[in-house]
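Chemist: Let me give you the structure first, and then I'll get to my questions.
All of the numbers you see were taken from the coordinates with simple rules; none came from a lab. All of these numbers come straight from a predicted model, not from anything done at the bench. Quick reminder, even Gly has a Cβ in these numbers, built from the backbone with ideal geometry, and neighbours come from all protein chains shown.
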Amino acid sequence: MAQSTSSTGNQPLIELRHVDKHYGDLHVLNDINLSVDRGEVVVVIGPSGSGKSTMCRTINRLETIDSGEILIEGEPLPQEGKDLARMRAELGMVFQQFNLFAHMTVLQNVMLGPVDVLGVSKDEARERAMDLLSRVGVAEQADKVPAQLSGGQQQRVAIARSLAMQPKAMLFDEPTSALDPEMINEVLEVMVRLAQQGMTMIVITHEMNFARRVADRVVFMADGQIVETGTPDEFFDHPQTKRAQDFLNSIK
Ligand code: ADP
Ligand code: MG
């Protein structure tokens, strides 16, 4: 081949090009263009129903798209099969609901993917899992089942479980929205540290202080479109569009 197709070059880690999606008459994603570089933290905000979750879910093809392209390190996201499974495993995803396996211990939850999907030995998986559990501050809970943990602890286990797959990027969809207020910060702190360690992250959140502190870029969505994008200072202090100004006023 004459052209170089190196996958470690300077192309974005995640790129959405002209992504469109409808649910019946609803144009849920309308010409979405977004590129996320290695190590970048992009915070996505916007009113409920604006398409934030749908956009996030298209990135690991939990949702199909009608047209446009999604590229991971310059490689188009495959439609199905082994390549899709491999690329999915490279993107960690943490949802509002923790989705831990209820019948397994915390440790087993974190070991499962590495052993079953990555073929890591049990001893090595256990060692890595314990290391991750201490990084998120729940090592003492390793032998409990999820129901014995607080919501904040469960969400930190869910983050550890995603990290155990050694993802290239982490996608967070309102990871603190289901938590009691006193548990929100312990989860956000784990995410702050992850960002500081250079993890590439897309974070949908209503936590504006977190966005200000951690985001390299804020993306504001409304009605299926990216309406505005900027640094946190630009966006929060000088929103350009009326939509963004109205949204920011509504949450003050
Ligand atoms: P957000 O995360 O910004 O709140 P969503 O991406 O969840 O928004 O939803 C965007 C819009 O798409 C909403 O109007 C929602 O009702 C609609 N929607 C989401 N999922 C489906 C679905 N599976 N079928 C039909 N409509 C859907
Ligand atoms: Mg959502």
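Chemist: What shape does region 22-169 have by the C-alpha gyration tensor, where a ≥ b ≥ c are the square roots of the eigenvalues, rounded means a/c under 1.5, and otherwise prolate means a/b greater than b/c and oblate the rest?
Modeler: Prolate is the answer for region 22-169, as a/c is 1.5 or above and a/b outweighs b/c.
Chemist: For I251 paired with E80, estimate the spin-label separation in nm (one decimal), with each label point 7 Å from Cα along the Cα-to-Cβ line.
Modeler: 3.8
Chemist: Which residue, T58, P114, P181, has the largest displacement toward the positive end of the dipole of region 58-212 when charges sit on each Cβ (Lys, Arg +1; Asp, Glu -1)?
Modeler: So the residue we want is P114.
Chemist: So what J values fall out for region 231-239 if you push phi through Karplus, 6.51 cos²θ - 1.76 cosθ + 1.60 with θ = phi - 60°, rounded to Hz, Gly and Pro as x?
Modeler: After applying 6.51 cos²θ - 1.76 cosθ + 1.60, I find 5, x, 4, 4, 5, 6, 8, 9, x Hz.
Chemist: Okay, next question. Relative contact order, percent, of region 121-240 when contacts are C-alpha pairs under 8 Å separated by at least 6 residues?
Modeler: Relative CO of region 121-240 lands at 18 percent.
Chemist: List, in order, the whole-Hz ³J(HN,Hα) value for each residue of region 114-130 obtained from phi through the Karplus relation with A = 6.51, B = -1.76, C = 1.60 and θ = phi - 60°; use x for Gly and Pro.
Modeler: x, 6, 6, 9, 8, x, 6, 5, 4, 4, 5, 4, 5, 4, 5, 5, 5
Chemist: Now a separate question. Using a basic spin-label model with each label point 7 Å from the Cα along Cα→Cβ, how many nm lie between E124 and H238?
Modeler: Output for this residue pair reads 5.1 nm.
Chemist: Got the relative contact order for region 61-188 handy, in percent, Cα pairs under 8 Å and 6 or more residues apart?
Modeler: 34
Chemist: Where does the chain land on the Kirkwood hydrodynamic radius, alpha-carbon pairs, in angstrom?
Modeler: 19.0
Chemist: Shape call for region 130-194 from the C-alpha gyration tensor, a ≥ b ≥ c root eigenvalues: rounded (a/c under 1.5), prolate (a/b greater than b/c) or oblate?
Modeler: oblate
Chemist: Taking N as the number of residues in region 50-97, what is its alpha-carbon radius of gyration divided by 2.2 N^0.38 Å?
Modeler: Normalised Rg, Cα atoms only: 1.14.
Chemist: Using the beta-carbon distance between N10 and V145 and R0 = 35 Å, what value does 1/(1 + (r/R0)^6) give for FRET efficiency, to the nearest 0.05?
Modeler: 0.20
Chemist: Can you give the FRET efficiency for Q197 and D25, using 1/(1 + (r/R0)^6), R0 = 35 Å, r = Cβ-Cβ distance, to the nearest 0.05?
Modeler: 0.20
Chemist: Given a Förster distance of 22 angstrom, what is the FRET efficiency for M104 paired with A178, based on the Cβ-Cβ distance and rounded to 0.05?
Modeler: Step by step, r from the Cβ atoms, then E = 0.60.
Chemist: How do F172, F95 rank when sorted from fewest to most other Cβ atoms within 10 Å of their own Cβ?
Modeler: With the sparsest Cβ surroundings first, the list reads F95, F172.
Chemist: Now, a different point. Under the rule a/c < 1.5 gives rounded, and otherwise a/b versus b/c splits prolate from oblate, where does region 84-154 land using the Cα gyration tensor?
Modeler: oblate
Chemist: Taking the number of other C-beta atoms within 10 Å as the exposure measure, put E73, E207, E80 in order starting with the fewest.
Modeler: Taking fewest neighbouring Cβ atoms as first place, the list is E80, E73, E207.
Chemist: If you don't mind, another one. Could you tell me the relative contact order of the chain? Use alpha-carbon pairs under 8 Å, at least six residues apart, and round to a whole percent.
Modeler: 26
Chemist: So for R217, R86, R17, fewest C-beta neighbours within 10 Å to most, what's the order?
Modeler: So the residues, fewest neighbours to most, are R86, R17, R217.
Chemist: So for the chain, if I pair up every lysine 8 or more residues apart or on another chain, how many of those pairs have alpha-carbons under 21 Å apart?
Modeler: 7
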